[in-house]
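Below is one structure, written out as structure tokens, with a few remarks after it.
Coordinate-derived values only; no laboratory data. The shown structure was predicted, so the numbers you read here are calculated from the model rather than taken from an experiment. All Cβ positions, even for glycine, are placed from backbone atoms using ideal geometry, and neighbour counts span all protein chains on display.
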Amino acid sequence: MKKSILALPILAGVLVLSAFKSVNLTEEITSINPPAGKQIVSKWTVDKPHTSVRFAVSHMVVAETEGTFKVFDGSVEHTKADWSDAKINFSVDVNSINTDNDYRDKHLKGDDFFNAEKYPSMTFKSTSFKPLGKNKYELKGDLTIRDITKPVKFDVVFGGITTGPKMDKAGFKATGSINRFDYNLKWNQLTETGSVMVGKEVEIVVRLELNREK
């Protein structure tokens, strides 16, 4: 009888410990496989060494001048596997503009164009990311240059996702164009034939690589 009485607390302790481990295991499984209806947000950051922001504009009607922005940052968040609810934010440091010509870069940073001293950043915030099939998307959002914000559209190609032990990677290429006069990039000198020396349409190409840490 004494042995039975002594065994009762031990049995109770085992049952308590067993119940505690069961709760922890359930919580761990839930964190990996969340209940139906609970959304997990995938957060991606820009892999800067493997991303580029380029632009091109016509010059003297017959040629093009290209340039890049060297300093930028951004993030992407989504819950759906097809990225259709993606929220995309991107910013560019105007002072990082580079056209391989110091005189031209200085002019672009001035008030004839960006006025980088007063407006040091350009920003983009998405409003929709629509899947079109075959890894193609239509990206719409608000682009702010100087103190002017206007809606823009980009054609996007999704390169896919690769997985690794420490992080996942995703790749995109976005192309679009804007009218620079819409953003008060106002310099406008005419050629002898009356054509605009620097075109009004600016082509933009962003090659984007993203990281998602595990």
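Let me spell out the model: positive unit charges on the Cβ of Lys and Arg, negative unit charges on the Cβ of Asp and Glu, origin at the Cα centre of region 79-214. What dipole size does that give, in debye rounded to 20?
Numbers: 23 positive and 20 negative charges, 125 e Å.
The dipole magnitude comes to about 600 debye.
Expressed as a rounded percentage, what relative contact order does region 42-213 have, with Cα pairs under 8 Å and six or more residues apart?
25 percent.
Of Lys87/Lys153; Lys87/Lys134; Lys125/Lys153; Lys48/Lys173, which pairs sit farther than 18 Å apart, going by alpha carbon to alpha carbon? Please report the intermediate quantities before stating the final value.
Values: Lys87/Lys153 15 Å; Lys87/Lys134 21 Å; Lys125/Lys153 11 Å; Lys48/Lys173 14 Å.
Correct reply: Lys87/Lys134.
Among 176-183, 42-49, sorting by the average number of other beta carbon atoms lying within 10 angstrom of each residue, highest first, gives 176-183, 42-49.
Within the shell of other residues whose beta carbon sits under 13 angstrom from the beta carbon of Asn179, the net charge comes to +2, with Lys and Arg scored +1 and Asp and Glu -1.
Using a Förster radius of 22 Å, what is the FRET efficiency between Lys48 and Asn89 based on their Cβ-Cβ separation? Nearest 0.05, please.
The formula returns an efficiency of 0.90 here.
Sort out for me the Cα centre separation of region 150-183 from region 91-137, rounded to whole Å. Centre-to-centre distance over Cα atoms comes out at 14 Å.
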